[in-house]
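Participant: Pasting in a structure now, in structure tokens, and then I'll have a few things to ask.
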Amino acid sequence: MSPLTITTRLVATGPVLEIIGALEYETAPELRKAVDGLTFAGGQWLVLDLAGLDFCDSSGISALISARSLAIEQGGGIALAAVPARIARTLGIIGLDQVFTIFPDVATATDRDLMTGRVPAPHW
């Protein structure tokens, strides 16, 4: 499996974490650490860019849920973007596709109407 790389950048809607590699038992703490170090204003969204995610086990799923909890605690939201098909299938099987807002790509996830502060509905 490929090592995990997490890159953080800020956009108008909030932080975007690009996650590349394998999110599993040994690397899930890296995502938790990256998310724990974030601060963002209420109403902003944490976007997790999963386009480069090769693998995600139950520990990785747990780290995604922890990221969601933190975003909500800080008064924000969370979105998953560019979820690979095999991981989207897993999320669907365990019902997390109903818990996370999922967008086809980061551009869509971070595009919002600045006047209303609303994040657009997912486009399938």
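The values are calculated or read from the model by the stated rules, or taken from the named source; none is laboratory data. Since this is a predicted model, take the numbers as computed values, not measurements. Here Cβ is always computed from backbone atoms with ideal geometry, including for glycine, and neighbour counts include all displayed protein chains.
Participant: Would you point out which residue out of 105, 97, 57 is charged (D, E, K, R) and farther than 24 Å from residue 2 by Cα?
Facilitator: None of the other options fit; the residue is 97.
Participant: Can you name the residue in the range 97-108 that is closer than 16 Å to residue 19 by Cβ and out of contact with any Lys or Arg (no Cβ under 9 Å at 6 or more places or on another chain) and, of all such residues, is surrounded by the fewest Cβ atoms within 10 Å (Cβ to Cβ)?
Facilitator: Filtering first and then ranking leaves 105.
Participant: Now for a different question. Going through the range 32-78 one residue at a time, which ones are at pLDDT 95 or above, more than 22 Å from residue 104 (Cβ to Cβ) and touching an Asp or Glu at 6+ places or on another chain (Cβ under 8 Å)?
Facilitator: 57, 59
Participant: Another question, if that's okay. How about the range 12-26: which of its residues are of a type in the set (Val, Ile, Thr), touching a helix residue (DSSP H, G or I) at 6+ places or on another chain (Cβ under 9 Å) and at pLDDT 95 or above?
Facilitator: 16, 19 - these are the residues of the range 12-26 that are of a type in the set (Val, Ile, Thr), touching a helix residue (DSSP H, G or I) at 6+ places or on another chain (Cβ under 9 Å) and at pLDDT 95 or above.
Participant: If you go through the range 17-32 one residue at a time, do you hit one that is aromatic (Phe, Trp, Tyr), touching a residue at least 24 places away in the same chain (Cβ under 8 Å), at negative phi and out of contact with any strand residue (DSSP E or B) (no Cβ under 6 Å at 6 or more places or on another chain)?
Facilitator: There is at least one residue in the range 17-32 that is aromatic (Phe, Trp, Tyr), touching a residue at least 24 places away in the same chain (Cβ under 8 Å), at negative phi and out of contact with any strand residue (DSSP E or B) (no Cβ under 6 Å at 6 or more places or on another chain).
Participant: Sticking with this structure for a sec: When only residues in the range 46-90 that are in contact with a strand residue (DSSP E or B) (Cβ under 9 Å, 6 or more places away or on another chain) and assigned to a loop (DSSP other than H, G, I, E, B) count, which is surrounded by the most Cβ atoms within 10 Å (Cβ to Cβ)?
Facilitator: 83
Participant: Further question on the same structure: Of the conditions (1) in a loop (DSSP other than H, G, I, E, B); (2) at positive phi, residue 42 fails just one. Which one is it?
Facilitator: (2)
Participant: Which residues, taken from the range 4-31, are surrounded by 17 or more Cβ atoms within 10 Å (Cβ to Cβ) and of a type in the set (D, E, K, R)?
Facilitator: 18, 24, 30
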